[in-house]
1. Given the protein assembly as shown, what percent of its DSSP beta bridges are antiparallel, to the nearest 5?
2. Report, ordered by chain and residue number, the lysines lying within cross-link reach of residue A:12, taken as a straight Cα distance under 16 Å and ignoring same-chain residues fewer than 8 apart.
3. If a/c stays under 1.5 just call it rounded; otherwise compare a/b with b/c (prolate if a/b is bigger, oblate if not). Do that for the range B:186-368, with a ≥ b ≥ c from the square roots of the Cα gyration tensor eigenvalues.
4. Give the shape of the range B:220-288 as rounded, prolate or oblate, defined through the alpha-carbon gyration tensor: a ≥ b ≥ c are the square roots of its eigenvalues, a/c under 1.5 means rounded, and otherwise the shape is prolate if a/b is larger than b/c and oblate if not.
5. Between the range B:327-387 and the range B:219-297, how far is it from one alpha carbon centroid to the other, in angstrom?
6. Shape of the range B:263-387 from its Cα gyration tensor (a ≥ b ≥ c, root eigenvalues): rounded if a/c is under 1.5, otherwise prolate when a/b > b/c, or oblate?
7. In what sequence do B:324, B:64, B:295, B:127 fall when counting other Cβ within 10 Å, fewest first?
8. Kindly write out, for the range B:25-32 in residue order, the coupling ³J(HN,Hα) from the Karplus curve 6.51 cos²θ - 1.76 cosθ + 1.60 (θ = phi - 60°), rounded to whole Hz, with x marking Gly and Pro.
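All of the numbers you see were taken from the coordinates with simple rules; none came from a lab. Given the structure is predicted, the values throughout are model-derived calculations rather than measurements. Glycine gets a Cβ as well: all are built from the backbone with ideal geometry, and neighbour counts include every protein chain shown.
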Amino acid sequence: MLHNIGATKMEKSMSIEEVVQWTEVDIETLRNLLQKLRELGYVEFVEIAGTEKYYVTPVGITKVMTLYS
Amino acid sequence: MKIGMLTWEYPPRIVGGIASHCLGLARALADLRHEVHIFTLDFPGTPAYEETEEGVKIYRVASELGHPNFLTWVLLFNHFIEKRIADVSQNVKFAVLHVHDWLTAPSGIAFKRSIGKPMVLTMHSTEHGRSGVHNPDSSTIDGLEWWAAYEASKVITTSDSMKSEVCGHFRLPWEKVEIIPNAVDSDKYHGSVDRGAVRARYGVQPHEKLVLSVGRLVPQKGIEYLIQAVPNVAWRFPEAKFVIVGEGWYRDHLQYLAGTTGQSWRINFTGFIPDHELIALTMSADVLAISSIYEPFGIVALEGMAAGVPVVASQVGGLAEIIEHDKTGVLVYSRNPDSLAWGIKHVLSNPDHARWLVQNARETVQKAYSWKAIAKRTVNLYREVAR
């Protein structure tokens with residue numbers, strides 16, 4: 001999802017509230033999913049002005065591409 | 001000739017064989033003095049435009065609008081690619097557009113209409129073959145593939161089996177589809193590697209046997225059959241280790257499956273590894289096992305053959321056309337762990353025979369699968385449609 005909605009690099013990272021708007025997944029579930037993806041190396045986060053923002057890593061992009069290539 | 005090439009993956013944005021294919025073809029076309037313009041998607045850390053040493057011009061397009069639905073996102077990024085081609089074409093008069101797979105077909109079709117130039121489509125695989133047409137999104141992808149094949153002046157497939165699939169499924173005239181195989185850059189495998197050091201990085205000791213698998217971790221690659229073959233191979237070769245290279249959505253299941261064999265300690269899932277490391281690892285393996293259940297071409301087989309590693313592969317699709325059984329590799333039954341185990345053991349048990357297979361395979365690759373030869377055939381096709 002982060003891939004398709006454009007959060008593909010640090011400068012385009014999105015806060016969890018923004019991701020909730022796109023995904024319509026409740027915030028706690030989403031936080032757990034993002035944490036799991038982060039542990040696997042597919043997602044990274046950066047703190048900007050006290051807000052955690054998430055983006056998909058190059059390895060995560062590759063993972064997404066395996067679905068459709 | 002000025003060629004516009006459209007692909008959603010181009011190095012370093014790479015997952016399957018399409019990126020490698022486009023890279024090899026673009027370089028070879030540039031070597032033949034053609035002007036190649038690649039239109040592809042952006043990737044972190046890469047410039048929006050670059051011209052390579054070979055003269056290939058690469059435009060990486062950012063999709064400025066996102067969408068949670070993959071298909072909608074694809075149509076959106078096609079729009080941005082189309083805009084970029086339109087800008088470039090104000091200064092470049094393209095003779096032909098070459099689209100790779102359905103993902104960039106909408107922009108290719110639109111632009112072919114606007115500039116009145118022919119479009120060539122390479123179908124590397126089909127939705128029907130990859131996963132079956134199983135849901136509404138899948139039906140749309142299948143429809144886009146048909147549409148692209150319909151709009152193309154010529155369709156390229158990389159193997160005879162793929163031509164049959166494409167002609168049968170999309171009801172294309174036989175003469176509209178041309179077989180131009182994939183190729184491999186053999187020079188990549190001419191350097192020397194420290195086998196011991198490379199193997200050690202993957203937990204394989206000098207006296208152990210390294211069975212390598214390379215491919216996306218998706219069902220069509222049949223990795224589960226290789227995992228199921230592990231106990232059989234290990235019974236005969238207790239020193240065998242299995243290194244599975246690749247990434248994909250099926251990985252969790254495959255790792256679970258590896259755990260059920262009781263042999264997971266000898267199975268190493270590496271994930272995606274860089275190209276230079278993959279070359280070194282391939283050259284350091286004792287056997288390359290390809291367990292695919294669907295393989296339109298199977299470039300990994302060519303890479304193994306060029307790297308000098310004996311190849312054991314399922315007798316499906318392009319693999320059955322590339323490999324001559326027990327002469328340039330070993331073919332085994334697909335979806336059959338026992339057959340795959342037999343093939344691996346056959347190679348590991350007969351080192352002299354394995355060396356003979358490797359020698360024959362290298363000769364075949366050099367004769368029939370060089371990028372220069374494939375680029376010349378592709379140019380002939382471009383000229384035919386551009387007349």
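1. 20
2. A:53
3. Working: a/c = 1.32, a/b = 1.18, b/c = 1.12.
Cα axes put the range B:186-368 in the rounded bin.
4. Verdict is oblate for the range B:220-288.
5. Answer, in whole Å: 19.
6. Judged from the Cα gyration tensor, the range B:263-387 comes out prolate (a/c at least 1.5, a/b above b/c).
7. Final ranking by Cβ density, sparse to dense: B:64, B:324, B:127, B:295.
8. Whole-Hz 3J(HN,Hα) from phi for the range B:25-32: 5, 4, 4, 5, 5, 5, 4, 8.
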